[in-house]
Amino acid sequence: MRTGIRSGTPRTGPSSAPAGGAKAPPGSSPSPATPAPLGTLARLAPLLVLGQMCSLQLGAAVAKSLYGRVDPVVVAGMRLGFAAVLLALLVRPRLATYNRAQWLGACALGLVFAGNNLTFFLAIDRLPLGVAATVELLGPLLLAVALSRRPAHLVAGLLGLGGVLLLGAPGGELPLAGLGFGLAAAGCRTAYVLLSKRVGALFPDFGGLSLALLAGACVLVPLAAVHGGGDVRADPGALLPGCAVALLSSLVPYALDMTVLRRIDSRAFGVLLALTPAVGALVGLAFLGEPLGVREVLASALVVVAAGWSARARDGRPEREDGGGEAPAEGKNGGGEAPAEGKNREK
């Protein structure tokens, strides 16, 4: 039974033993073979994040089209509730096998899911989709700048932040309530990046994501039912697009996010997310008739350059699954424990 163990742990164990100098295993091929899939997925990270952003913004456009029929709080509840049920049916999480750390991590992520869904859907009720996506991304971009360790990382993060700020200031008056909900969503989004990476390290599969969605649904669905359950009873046809919102805005993006965050650090992920406002602006134009101006085009170009720069400006060492900040400590522990194990075997 594997509980509280990262999916990458069993693979990295054999390769660390030769580094300790105790004795090399008969086949030393696992050592060079281990970084290969991680490196491949790390190189594909920009494409996976782009797929996440397109799916997320398409779901947001479908959600916004429902606002004439049901309340935004109800749409948020349908999104999280349907996503939790669908993923639980697919993954079938073994709740009885999870330890305390796994439960705490998943439940904390579930609370963030509930807060992020609620605040973002209230924001797009008052702001254009591209602007709401821009304000929400302020949190992850500030996190990326805070985690920068090299000049190239810092410049890429600041460039993306500048593009987001430019896109978020279209020159017109924006509702203070919409900006407030957008900033609250930005805070939840920052916590989501950190906790999603943590949960991805605690669980070897998508059981942690399923548990987090169930926890978030337990918080948000009753609130949505009390707030506007009558809207759904009066218009049950809204349930089908609500299920589509759950699939596009939750299941696909969250699964891609967790996959990517197991291979790259939070800094790189935060800068790659800077593409979201550009995608949101394009989706808003295509599906909601929200036009793009010169400012939006220029801001989109800035964040595209920042995201590409971030994808190329990496350290030479491979990145660990649980973040750039913890990688050095793991390397030390891994290097110290492997020789000890080798000595015990020799005894």
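The values are calculated or read from the model by the stated rules, or taken from the named source; none is laboratory data. Remember, predicted model here, so these are calculated numbers, not experimental data. So basically every Cβ, Gly included, is an ideal-geometry build from the backbone, and we count neighbours across all protein chains shown. With ligands, DNA and RNA removed, areas are computed over all heavy atoms of the protein, side chains included. Shrake-Rupley method; radii C 1.70, N 1.55, O 1.52, S 1.80 Å.
Couple of notes before you dig in:
- The modelled label-to-label distance between H227 and A101, using points 7 Å beyond Cα along the C-beta direction, is 3.5 nm.
- Theoretical gain in end-to-end length, L165 to A146 [0.36 nm per residue, Cα-Cα removed]: 5.2 nm
- Inter-part distance, the stretch 59-116 to the stretch 267-286, computed on C-alpha centroids, equals 22 Å.
- Solvent-accessible surface ranking, highest first, for H153, H227 at 1.4 angstrom: H227, H153
- Within the stretch 265-293, backbone nitrogen closer than 20 Å to the virtual label 7 Å beyond the Cα of L44 toward Cβ: 265-266, 268-270, 272-273
- Three-way shape label, the stretch 240-282, alpha-carbon gyration tensor, a/c 1.5: oblate
- Computed 3J(HN,Hα) for the stretch 231-238, one whole-Hz value per residue from the Karplus formula 6.51 cos²θ - 1.76 cosθ + 1.60 where θ = phi - 60°, is 4, 6, 5, 6, 9, x, x, 6, glycine and proline marked x.
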